[in-house]
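To keep things clear, I will list the structure first and then write my remarks on it.
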Amino acid sequence: MNLSPGAVLSESGAVFVTVSILLIPLAMAGLALINSGLGRARNATHMVMASLCVVAVAAGIYFVCGFSFEGVIGGPAHTVSIGGKPWNWLGAQLLFFRGLDLNGSPASLAAWMQLFCVGLAALIPLGAAAERWRLGAICTSTAVLAGITYPLFAHWAWAGGWLAQLGVNYGLGHGFVDAGGSGVIQTVGGLAALSMAWIVGPRRGKYTQEGMPSAIPGHHGVFVIFGCWLAWIGWLGLNSAGAVLFSGLAPARTVLVGVNTTLGAGSAALMTALVTRMRFGRPDASLTANGWVAGLAAGSGGCAFVAPAAAVLTGLIAGLVVPFVIENLELRLAIDDPGGAISVHAVGGIWGLVATGIFGRFPAVIVNNADSLARTPPPGDSGQWVAQIVGVASLLGVVLPLTYGFNWVLNRWSPQRVSAEGERQGLDLHELGAGAYPEFLTHGDEFLQH
C-alpha cells in the first residue's frame, strides 16, 4: 500500500478515512468542554468562544501557508545533503492548497484531516492559560502555531521529513513513527501550553504570600466528564485516519486501533482514580478526567503497532504519572495549569512516543511512508526506540524554544495577559460583555488572598 501523492485509496478505503475524519471535531468539542468545566463560571463562555475562534484561525492559517510548509510524502520539499544523503526539512507546496486535487487521494484526505488536527493542537494551550489569556492574543498565538511550529514538526514526522527518514538514511528502525499524533498534535500543543503558562504567569489568588498554591476548583464537573466521552469518539476517528494516511495501515486493520485507543484511555482513567483514591480518600473526578485524556494522548503514537496488552500498560503508566506531574508543576515550579494541559498532552504525548519505540511491533508492510518510497524490502525494528527518542529531543530542543520565543515576542508587542480588572470581573464580562450564568454568583473571595 503506497500512500504517495499519486496513489489513490480504494473506494471503501476512502469512505472509511472520510468517516474517521468527520469524527475528529468531536475531540475538539470535548477539549473545549473539559477546559470550560475545569475553569470558573465567570470564564465559561469565553473559553468556549475562544475554542471556536482557535479552530477557525488554525484552519484558515493552515490553508494559507501551513499546508505549504508541511507538504505531503513525496511532494516538493527543501532538502539538505549531509553525509551524501538528502535530508528533507521543510515542505514546498503552493500556498492556498493550489496544485492539490481534492479528489479523495491520500494527499487530499491528509490535507483535510490536518485542518482539524492543527485546530486540535491549538486548543491545548487554552487549558493551561485559562482565565487570564486575552482573546485577541489567543488568535495571534494560534496563527503562529498553525503557520509555523505545527507544520514544521508535522513535515518532519508525517510528510517524509528528516525524522521519518531516520530509518532510510540512518538505519534507525522505520524512522520516527507517530500514527495518531502523540508528538505532532499532543506534544506540540502541550509544549505550546507550557510556553503560555510561563509567559502569562499564574492566576491571581492562585498562590499565597508564602508561595503555596490554593485550590481553585472548576465549576462544572458534568462538562468535564461529558467532554471525555466526546474526546474518546473523536480520538477513534483521529487515530484511525492517521494510521491509514500517515502509517500506511490497511483500513481493515484499524480494529486494532479502536481497541487500543479505548483500552489506553480506560486503563489510564482507572489508574488515576485509584491513585487519587489512595492519596485523598476518594477518587478525584477532574484528575480522573485528566487521566482519561492522557491515556488517549499517550496511546495515539503507537495505536496501530502495539498489542492490546501494551496499550493497557501504556495507559496505566500515563494515568499513574499525570496526577503527580500536575501536583509537582504547581508545588515546585509554580506553573498554574487549570486544565492540566501540560501534564496530559505534553507529558502524556512524550510518554506515548517512547512507548511506541518500546512496545511497537511493526508489520512487514509500509510503516512509514518514507520507507515506502525508498526501501525494499521493509526495514526491521532495530533502533526504533532511538528514532523515537530523537523525535522527543527535537520537540524539546527545537519546537519548545521556537514556540516560547515566538510567543515571548508577541507578548512584548501586545501583552498576552488580560488586565487585573478584567481577570477580577471574569473574561465573560470583560471581553464578551455577558456571563454564561447571569442568574448565579460567579465571584469568590480569591482576590482577597494577595
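If you check 187, 140 for being under 26 Å from residue 433 (Cα atoms), hydroxyl-bearing (Ser, Thr, Tyr) and at pLDDT 95 or above, only one passes: 140.
A single member of 440, 406 is aromatic (Phe, Trp, Tyr), at pLDDT 95 or above and open to solvent by 30 Å² or more (accessible area, probe 1.4 Å), and it is 406.
A single entry from 350, 335, 342 fulfils the requirement of being farther than 21 Å from residue 263 by Cβ, within 20 Å of the chain's Cα centre (by Cα) and surrounded by 21 or more Cβ atoms within 10 Å (Cβ to Cβ): 342. Would you confirm, using the coordinates I've provided, whether residue 108 is within 14 Å of residue 70 (Cα to Cα) and either among the small types (Gly, Ala, Ser) or at pLDDT below 95 (or both)? For residue 108, the condition - within 14 Å of residue 70 (Cα to Cα) and either among the small types (Gly, Ala, Ser) or at pLDDT below 95 (or both) - is met. Any chance you could count how many residues in segment 178-233 are closer than 30 Å to residue 360 by Cα, of a type in the set (Gly, Ala, Ser) and open to solvent by 10 Å² or more (accessible area, probe 1.4 Å)? Residues that pass the stated criteria total 0. Only residues that are outside any loop (DSSP other than H, G, I, E, B), at pLDDT 50 or above and open to solvent by 50 Å² or more (accessible area, probe 1.4 Å) were counted in segment 360-385, giving 1. Remark: pairs (first residue in segment 178-200, at positive phi; second residue at pLDDT 95 or above and not in a helix (DSSP H, G or I); Cβ separation under 8 Å; 6+ apart in sequence or on different chains) = 181/301. Take the residues in segment 159-177 that are of a type in the set (Phe, Trp, Tyr) and open to solvent by 10 Å² or more (accessible area, probe 1.4 Å); name whichever of them is modelled with the lowest pLDDT. If we take residues in segment 159-177 being of a type in the set (Phe, Trp, Tyr) and open to solvent by 10 Å² or more (accessible area, probe 1.4 Å), then 170 is modelled with the lowest pLDDT. Among residues of segment 419-436 that are part of a helix (DSSP H, G or I), those with a beta-carbon under 7 Å from a residue that is among the β-branched types (Val, Ile, Thr) and surrounded by 15 or more Cβ atoms within 10 Å (Cβ to Cβ) at least six positions away or on a different chain give the pairs 427/418; 428/45; 430/418; 432/45. Counting the residues of segment 245-275 that are crowded, with 21+ Cβ neighbours inside 10 Å, at pLDDT 95 or above and of a type in the set (Val, Ile, Thr) gives 4.
Here is a yes/no grid of residues against (1) open to solvent by 10 Å² or more (accessible area, probe 1.4 Å); (2) closer than 30 Å to residue 430 by Cβ:
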position	(1), (2)
13	no, no
39	no, yes
63	yes, no
71	no, no
83	yes, no
103	yes, no
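So that you can scan it fast, the table gives a plain yes or no per residue for (1) over 23 Å from residue 143 (Cβ atoms); (2) under 17 Å from the mean Cα position of the chain (by Cα); (3) at pLDDT below 95; (4) open to solvent by 40 Å² or more (accessible area, probe 1.4 Å):
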residue: 10; (1), (2), (3), (4): yes, no, yes, yes
residue: 22; (1), (2), (3), (4): yes, no, no, yes
residue: 45; (1), (2), (3), (4): no, no, no, yes
residue: 66; (1), (2), (3), (4): no, yes, no, no
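Residue 87 satisfies every condition listed in (1) under 20 Å from residue 24 (Cβ atoms); (2) open to solvent by 10 Å² or more (accessible area, probe 1.4 Å) except (1).
The values are calculated or read from the model by the stated rules, or taken from the named source; none is laboratory data. In this text the structure is predicted, and so the values were computed from the model without any measurement. We place every Cβ from the backbone using ideal geometry, glycine too, and count neighbours over all the protein chains shown. SASA here: full protein model, heavy atoms, side chains in, ligands and nucleic acids out. Shrake-Rupley method; radii C 1.70, N 1.55, O 1.52, S 1.80 Å.
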